[in-house]
Number of protein chains: 2
Amino acid sequence: MGTVPRRSGMRLDAFLDRYAVRTRGMTASEIRALFAVASRPEVVSLAGGMPYLNALPLDAVGSVIAKLIRERGAVAMQYGSGQGDPTLREQICEVMRLEGIAAHPDDVVITVGSQHALDLITRIFIDPGDVVIAEAPSYVGALSVFASYQAEVVHVSMDDCGIVPEQLSDAIKAISLVGKRAKFLYTVPNFHNPAGISLSVLRRQEVLEICQRAGILVLEDNPYGLLGFDADPIRVLRADDPEGVIYLGSFSKTFAPGFRVGWAVAPHGVQKKLVLAAEASVLCPPMFSQLAISTYLASQPWQVQIKTYRELYRERRNTMLTALGEKMPSGATWTKPGGGFYVWLTLPAGLDAKAMLPRAVAARVAYVPGNAFFANGSGSSSLRLSYCYPPPDRIREGVRRLAAVLEEEQELLATFGPGELRPTGNNSSGASTPFPDLA
Amino acid sequence: MGTVPRRSGMRLDAFLDRYAVRTRGMTASEIRALFAVASRPEVVSLAGGMPYLNALPLDAVGSVIAKLIRERGAVAMQYGSGQGDPTLREQICEVMRLEGIAAHPDDVVITVGSQHALDLITRIFIDPGDVVIAEAPSYVGALSVFASYQAEVVHVSMDDCGIVPEQLSDAIKAISLVGKRAKFLYTVPNFHNPAGISLSVLRRQEVLEICQRAGILVLEDNPYGLLGFDADPIRVLRADDPEGVIYLGSFSKTFAPGFRVGWAVAPHGVQKKLVLAAEASVLCPPMFSQLAISTYLASQPWQVQIKTYRELYRERRNTMLTALGEKMPSGATWTKPGGGFYVWLTLPAGLDAKAMLPRAVAARVAYVPGNAFFANGSGSSSLRLSYCYPPPDRIREGVRRLAAVLEEEQELLATFGPGELRPTGNNSSGASTPFPDLA
């Protein structure tokens, strides 16, 4: 065999003057190199959003898929419809029924993970300079899509009950004062990534009404909705406004991400445009993935599996909250998620999550600094911790190491003042392309 | 269960004034409705580009994938790298070696089928109004991507030896006269879709030199390169110009399309931008698909399988050419493909493939009218016939029916003149989103 020697990485890019303007919004994350280090086994990574797949019944899944190939292999390996397999779209409607959605399979467009749906929706709505309203903080993958289509993101604050309605109204007014109207509100109402909080039931109607009055579509991204720890699934926004909400769902967290199957539910006109955009982008979503999931849903106790995940993640959430309470120095605060994967931790005054990250990785613990979740590079006083993947003893050890780093930073701060702790010339934007570890 | 009744399809689209300008380039194919009819079993479809998957060893593939899930299920179902699995990228380099390419796995970006690579490359290079040069005719899926990014497509004629170098030079000159430079030349040099011809070996260097002199990238799309019927694989353009060619490959035709695994090989700077664009669009390609194909390549005689496909398609090509020779009325001409899936048939003078299609479908035979393969709506004097999917007796029957339709059209033409045969007000553009049947 023998591979070809890699050509030098230091050559000039001969095509620098040829790229589209939109590529300026596509930047590599500065923390990518650090994360290569953070993936070493001695580092406790509280950074990634990978589901804990060892909780899946791999033998059963293997049998299901082997049977699929034996019985329908020539269909499962063939091209399929651009909108997605009709049977799987029916099953998706059954899944969404758990959250109060009454949708028809024709309303559903299956995509290559819900990241692909985010991309397609942005593609059909956003011209350069168009405004998107998003929570502060927001999912890094959504911000990277918005940046790559040259959208202008206006962040709206959240409190413990989710996005703040008054601030949403104020933002809409401010946008209209400059002669614009936001194309949509991007929101993760349930078990927010990265904030770890949910939009309160009382506020849901209010947020919908504000957007309806302003003529603004709501883009509801809900990968974690069925992973609540305490109660029945929360009724989603789409359930109460089928004509004003585009809903995004995913099997990545309730089953497994390696199939890349997500979906969008959209008003009729939007759905038709989404199918056209999807066909231009990938012809059709992977038929094999779709039929594997369809067969899994039809033959396996998938709701029991979701319960298994919920219990597993609840235990890890508890472990993390307990460890944070025991170890964190005073001045640090954090959210208490009722589901999903993430805790949002705000540092004691004067500390900077972005500047601190190299020292944390040296102390063998990794997190995602908060600025990754803001389009404008702010947010460095906070960081995201995930409890989904590491087992409880590793979570405890990771929090212990992180607490020690915080204490050292506080000592440095007391001794030398804030100048030492802040990165110099911090003018880099936050959002950059989400490498899959950040999903 | 019981599904929710579908809301009326005739409502106005409340978001008509919100869509991005680029959606004007995303139009539904006019022939889509006809193709729903054409998929009925009584119709011989010579339209689709679906590979004949019953030629695959489904039992062996099933065992390979079941073993993958048992042994590495938690990896195969997890998120992966945005650039694609490193082992599969090594294997792809081995596959490309058959066509003269010496590439490093770092140069390879795995995509959701090569359609996704087309989308990403267009995304990073094309601003609205930028020029792409493409053969006349061109792959419908590429034209739809170019349209959705608001590119201006300049077609260059082909003859039996592929794209005509003089015409390519002339087009480049004409483009520079209006103060522009094409961003790239899009070409399918081997077993062209839809033209069914290959760029002659003598012309390859000439085309490369013309593009090098003009500073124009070459985008070489090569899904059929290993499916030649007569000789060893043809040396591809990328083999002789690693810094000036972006190469696209796919497992859709040499193995199966349902996994949606294709790839791009690009110069270093372009490759880095492609990974960023890929991560924003789908986070990562399906890990399950990638490891399924990687395991298949590592454990199964994949070159023997390609030989099986070649022999199968050679027989069908022979059947189609023989039937065309026996049945077609004088005045019809067609290409003689040395590989791949397609014959390009030019109608006797006065006939129109687009206008004739409803009558052909009524006569229970379907094809793709030539205008689908032109950005400007021309090309209706030709049509594409595919021989990849129907067995030989169906191919013969389909050609017989098509020949009868042509003869009836000629009689109509002789009786009533050309007015009756041409669609009125034919101002629609050709390219529209490729539904997967047209792949």
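The values are calculated or read from the model by the stated rules, or taken from the named source; none is laboratory data. Worth saying up front: this structure is predicted, and the values here are computed from it rather than measured. Cβ sites come from the backbone with ideal geometry, for glycine too, and all protein chains shown count toward neighbours.
The set of residues from segment A:369-394 being aliphatic (A, V, I, L, M) and closer than 15 Å to A:MET320 by Cβ comprises A:LEU383, A:LEU385. Taking the listed residues B:LEU297, B:LEU248, the one that is under 21 Å from B:MET158 (Cβ atoms) and within 14 Å of another protein chain (Cβ to nearest Cβ) is B:LEU248, with no other qualifying.
Of the conditions (1) assigned to a helix (DSSP H, G or I); (2) within 10 Å of chain A (Cβ to nearest Cβ), B:ILE172 clears all except one; give me its number. In the conditions (1) assigned to a helix (DSSP H, G or I); (2) within 10 Å of chain A (Cβ to nearest Cβ), B:ILE172 misses (2) alone. The set of residues in segment B:138-154 that are polar (S, T, N, Q) and within 14 Å of chain A (Cβ to nearest Cβ) comprises B:SER144, B:SER148, B:GLN150.
One residue stands out among those in segment B:31-65 that are within 12 Å of another protein chain (Cβ to nearest Cβ) and touching a strand residue (DSSP E or B) at 6+ places or on another chain (Cβ under 8 Å): the one that is modelled with the lowest pLDDT, which is B:PHE35. For segment A:254-266, filtered to residues that are facing chain B (nearest Cβ under 7 Å) and assigned to a loop (DSSP other than H, G, I, E, B), the residue that is farthest from A:ILE110 (Cα to Cα) is A:ALA256.
Among the residues of segment A:117-133, those identified as buried (at least 24 other Cβ atoms within 10 Å of the Cβ), more than 30 Å from B:MET77 (Cβ to Cβ) and more than 9 Å from chain B (Cβ to nearest Cβ) are A:VAL132, A:ILE133. Screening A:ARG70 against (1) of a type outside the set (A, V, I, L, M); (2) more than 7 Å from chain B (Cβ to nearest Cβ); (3) free of Cβ contacts under 8 Å to residues at least 60 places away in the same chain leaves a single unmet condition, (2).
Screening B:SER157 with (1) touching a helix residue (DSSP H, G or I) at 6+ places or on another chain (Cβ under 8 Å); (2) within 12 Å of chain A (Cβ to nearest Cβ) gives one miss only, at (2).
Could you list, in sequence order, the residues of segment A:259-316 that are of a type in the set (D, E, K, R) and without any contact (Cβ under 8 Å) to a residue 12 or more places away in the chain? Those that are of a type in the set (D, E, K, R) and without any contact (Cβ under 8 Å) to a residue 12 or more places away in the chain: A:LYS272, A:LYS307, A:GLU311.
Within segment A:178-201, is there a residue that is surrounded by fewer than 18 Cβ atoms within 10 Å (Cβ to Cβ), assigned to a loop (DSSP other than H, G, I, E, B), within 14 Å of chain B (Cβ to nearest Cβ) and not charged (D, E, K, R)? Scanning segment A:178-201, I find no residue that is surrounded by fewer than 18 Cβ atoms within 10 Å (Cβ to Cβ), assigned to a loop (DSSP other than H, G, I, E, B), within 14 Å of chain B (Cβ to nearest Cβ) and not charged (D, E, K, R), so the answer is no. Evaluate the following for B:PRO390: is it at negative phi and in contact with an Asp or Glu (Cβ under 9 Å, 6 or more places away or on another chain)? Taking the combined requirement at face value, the residue satisfies it. Residues that are acidic (Asp, Glu), over 20 Å from the mean Cα position of the chain (by Cα), surrounded by fewer than 24 Cβ atoms within 10 Å (Cβ to Cβ) and in a helix (DSSP H, G or I): does segment A:279-293 have at least one? Checked against the condition, which is being acidic (Asp, Glu), over 20 Å from the mean Cα position of the chain (by Cα), surrounded by fewer than 24 Cβ atoms within 10 Å (Cβ to Cβ) and in a helix (DSSP H, G or I), segment A:279-293 yields no hits at all.
In the set (1) over 22 Å from the mean Cα position of the chain (by Cα); (2) closer than 29 Å to B:LEU274 by Cα; (3) surrounded by 14 or more Cβ atoms within 10 Å (Cβ to Cβ), A:VAL21 fails one condition alone, (3).
Conditions (1) at pLDDT 95 or above; (2) within 30 Å of B:VAL261 (Cα to Cα); (3) surrounded by fewer than 24 Cβ atoms within 10 Å (Cβ to Cβ), marked per residue:
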site	(1), (2), (3)
A:ASN222	yes, yes, no
A:SER252	yes, yes, no
A:PRO257	yes, yes, no
A:PRO267	yes, no, yes
A:GLN300	yes, yes, yes
A:ILE306	yes, yes, yes
A:MET320	yes, no, no
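Among the residues making up segment A:228-250, those that are closer than 30 Å to A:VAL64 by Cα and modelled with pLDDT under 95 are A:ASP232, A:PRO233. Quick one: is A:GLY325 closer than 23 Å to A:HIS192 by Cβ and crowded, with 23+ Cβ neighbours inside 10 Å? For A:GLY325, the condition - closer than 23 Å to A:HIS192 by Cβ and crowded, with 23+ Cβ neighbours inside 10 Å - is not met.
Table: residues versus (1) among the aliphatic types (A, V, I, L, M); (2) in the same structural domain as A:ILE163 (by TED's automatic domain parsing); (3) out of contact with any strand residue (DSSP E or B) (no Cβ under 7 Å at 6 or more places or on another chain); (4) assigned to a helix (DSSP H, G or I).
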| residue | (1), (2), (3), (4) |
| --- | --- |
| A:VAL207 | yes, yes, no, yes |
| A:CYS211 | no, yes, no, yes |
| A:GLY225 | no, yes, yes, no |
| A:ALA239 | yes, yes, yes, yes |
| A:GLU243 | no, yes, yes, no |
| A:GLY249 | no, yes, no, no |
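Screening segment A:88-116 for residues that are small (Gly, Ala, Ser) and at the interface with chain B (Cβ under 10 Å from one of its Cβ atoms) and picking the one that is farthest from A:ALA292 (Cα to Cα) gives A:ALA102. Scanning segment A:77-87 for residues that are at the interface with chain B (Cβ under 7 Å from one of its Cβ atoms) and either within 20 Å of A:ALA277 (Cβ to Cβ) or surrounded by fewer than 24 Cβ atoms within 10 Å (Cβ to Cβ) (or both) yields a total of 5.
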